[in-house]
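Every number in this text was worked out from the coordinates using simple rules, so none of it is lab data. In this text, all values refer to a predicted model and were calculated from it rather than measured experimentally. As a convention, Cβ positions derive from the backbone with ideal geometry for all residues, glycine included, and neighbour counts pool all protein chains shown.
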Amino acid sequence: MRKVIALDIGGTNTRVALINEDYVVENVLIKPTVVGNLDLFLASVADVIREGIPSMEGVIAISAGVPGRVRHDGYIYALPNIHISAIPLSEYLEKEFGLPVFVRNDAEVAALAEANVGPYKDCKSLYFVTISTGVGGALCIDGKLVNSSYEVGHTMTAYHNEIHEFEHMASGTGLRRLCDMNGLNIEDARAFFELVKNKHPLALRVYKDWIKMLAEWIEMNQDNFSPDVFTLTGGVMKSKDIFFEDLRRACPSSRIEECGCGQQAGLIGAAVFGFQKVE
């Protein structure tokens with residue numbers, strides 16, 4: 001059976017898995033990501049593959065999802081959370097392992113997981129959204145990525161007669177800025193949603209603004225791309241019991257669901273991308 005070595009490279013951890021063409025995960029290894037040094041980073045990725053994948057039998061490709069902008073040939077412009085830039089990851093790993101290497105933005109590969117393996121894989125079109133430190137998204141049609149920017153978090157949005165980047169106001173981190181603008185001091189998004197749960201008057205007012213802002217952004221993407229379903233994931237979904245149904249009610253034209261692949265989305269999506277590229 002054919003297999004792909006899948007990498008999910010994040011600012012904190014790097015995960016590697018061996019995944020077969022039935023999308024069964026056969027091996028998984030998680031190691032801390034090396035940050036701040038390009039050469040050490042590249043060497044560490046090769047090392048985690050060697051440690052996590054002891055046998056290359058049946059392996060047809062290496063495929064990675066990374067938190068940054070990627071050129072069509074797998075060259076990464078920058079990984080801001082890893083504090084390196086100009087990263088020839090694909091070229092480096094091809095020389096190390098003698099296999100084709102494919103690299104894509106992590107939000108895009110997670111979208112591929114949802115569109116091909118998750119519970120909504122039968123939908124013709126799916127728009128993946130992650131709301132955490134920032135906001136990312138990607139559109140899949142017939143299980144393939146199309147030309148929708150994964151940097152949708154940089155969409156401009158108006159608030160209090162000012163223009164802001166959407167993720168700077170609506171992400172988990174952005175919620176702190178949104179609260180600050182309204183005179184509410186919070187430690188983090190979790191603390192904010194706890195205030196909402198306890199019906200804190202000012203928190204409820206900010207919450208109403210946040211739901212409206214998020215709903216308008218989703219409806220904008222509904223108008224632009226007409227996906228059959230939006231699937232949501234990310235850190236804010238830890239508070240889904242508080243806001244998810246309110247968000248659904250605020251988006252009557254859109255079907256909104258929780259992502260089905262969970263923590264495996266990055267790895268599974270990288271494997272999907274690898275198999276698609278080989279084919």
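DSSP beta bridges fully contained in segment 123-279 are about 60 percent antiparallel. Here the contact order of the chain, divided by its residue count and restricted to Cα pairs under 8 Å and six or more residues apart, works out to 20 percent. Summing charges over all other residues whose Cβ lies under 14 Å from the Cβ of Glu51, with Lys and Arg as +1 and Asp and Glu as -1, gives +1. Among rounded, prolate and oblate, which fits segment 1-55 when a ≥ b ≥ c are the square roots of the eigenvalues of its C-alpha gyration tensor, a/c under 1.5 means rounded, and a/b larger than b/c means prolate? Cα axes put segment 1-55 in the prolate bin. Before anything else, pin down the relative contact order of segment 1-158: Cα pairs under 8 Å, at least 6 apart, normalised by residue count, whole percent. Relative contact order, segment 1-158: 16 percent.
I'd like the antiparallel share, as a percent to the nearest 5, of DSSP beta bridges with both residues in the chain. Working shown, then result.
Values: 32 of 51 bridges.
Here the share of antiparallel DSSP bridges comes out near 65 percent.
P(r) for segment 19-116, from all Cα pairs and a bin width of 5 Å, is 2, 11, 22, 26, 22, 12, 3, 0 %, short bins first. Computed over the chain with a Gaussian network model linking Cα atoms closer than 10 Å, the most mobile of Asp39, Asp73, Asp246 is Asp39. Summing Lys and Arg as +1 and Asp and Glu as -1 over all other residues whose Cβ lies under 10 Å from the Cβ of Arg15 gives a net charge of 0. Close amide-amide hydrogen proximity is noted between Gly234 and Ile131, each under 5 Å apart and 5 or more residues distant or on a separate chain (H modeled in the peptide plane; Pro and chain starts excluded). Our note on the geometry: Cα centres of segment 211-279 and segment 69-146, 16 Å apart.
Going by the alpha-carbon gyration tensor, a ≥ b ≥ c the square roots of its eigenvalues, is segment 236-279 rounded (a/c under 1.5) or, if a/c is not under 1.5, prolate (a/b greater than b/c) versus oblate? Oblate, since a/c reaches 1.5 and b/c is not below a/b. Taking amide H atoms as placed 1.01 Å from N in the peptide plane, the amide H of Phe102 lies under 5 Å from those of Ile62, Ser63, Ala64, each 5 or more residues away in sequence or on another chain. Across segment 101-236, C-alpha contacts under 8 Å between residues 6 or more apart give a mean separation that, scaled by the residue count, equals a relative contact order of 26 percent. Under the combined filter of DSSP loop state and at most 11 neighbouring Cβ atoms within 10 Å, segment 56-106 retains these GluC sites (Glu not before Pro): Glu57. A simple rule links phi to the HN-Hα coupling: the Karplus curve 6.51 cos²θ - 1.76 cosθ + 1.60 with θ = phi - 60°, which for segment 54-69 gives x, 10, 9, 4, x, 6, 10, 6, 10, 9, 10, x, 9, x, x, 7 Hz, with x for Gly and Pro. Looking at the chain, the pairs of alpha carbons with a distance over 23 Å make up 54% of the total.
Counting only DSSP beta bridges with both residues in segment 29-155, tell me the antiparallel percent, nearest 5.
Approximately 75 percent, going by the DSSP bridge assignments.
If each Cα of segment 128-279 is one equal point scatterer, what is log10 of I(q)/I(0) from the Debye formula at q = 0.16 Å⁻¹? Here the Debye-derived log intensity ratios amount to -0.89. Could you tell me which of rounded, prolate or oblate describes segment 206-279, using a ≥ b ≥ c as the square roots of the eigenvalues of the alpha-carbon gyration tensor, with rounded for a/c under 1.5 and, failing that, prolate when a/b is larger than b/c and oblate otherwise? Cα axes put segment 206-279 in the oblate bin.
Applying a DSSP loop filter and a limit of 10 other Cβ atoms within 10 Å to the GluC sites (Glu not before Pro) in segment 190-265 leaves nothing. For the chain, the number of Lys pairs separated by eight or more positions or lying on different chains, with C-alpha atoms closer than 12 Å, is 5. Tally Lys and Arg at +1 and Asp and Glu at -1 over the other residues with C-beta under 11 Å from the C-beta of Glu187: what net charge comes out? Charge balance in the 11 Å sphere: 0.
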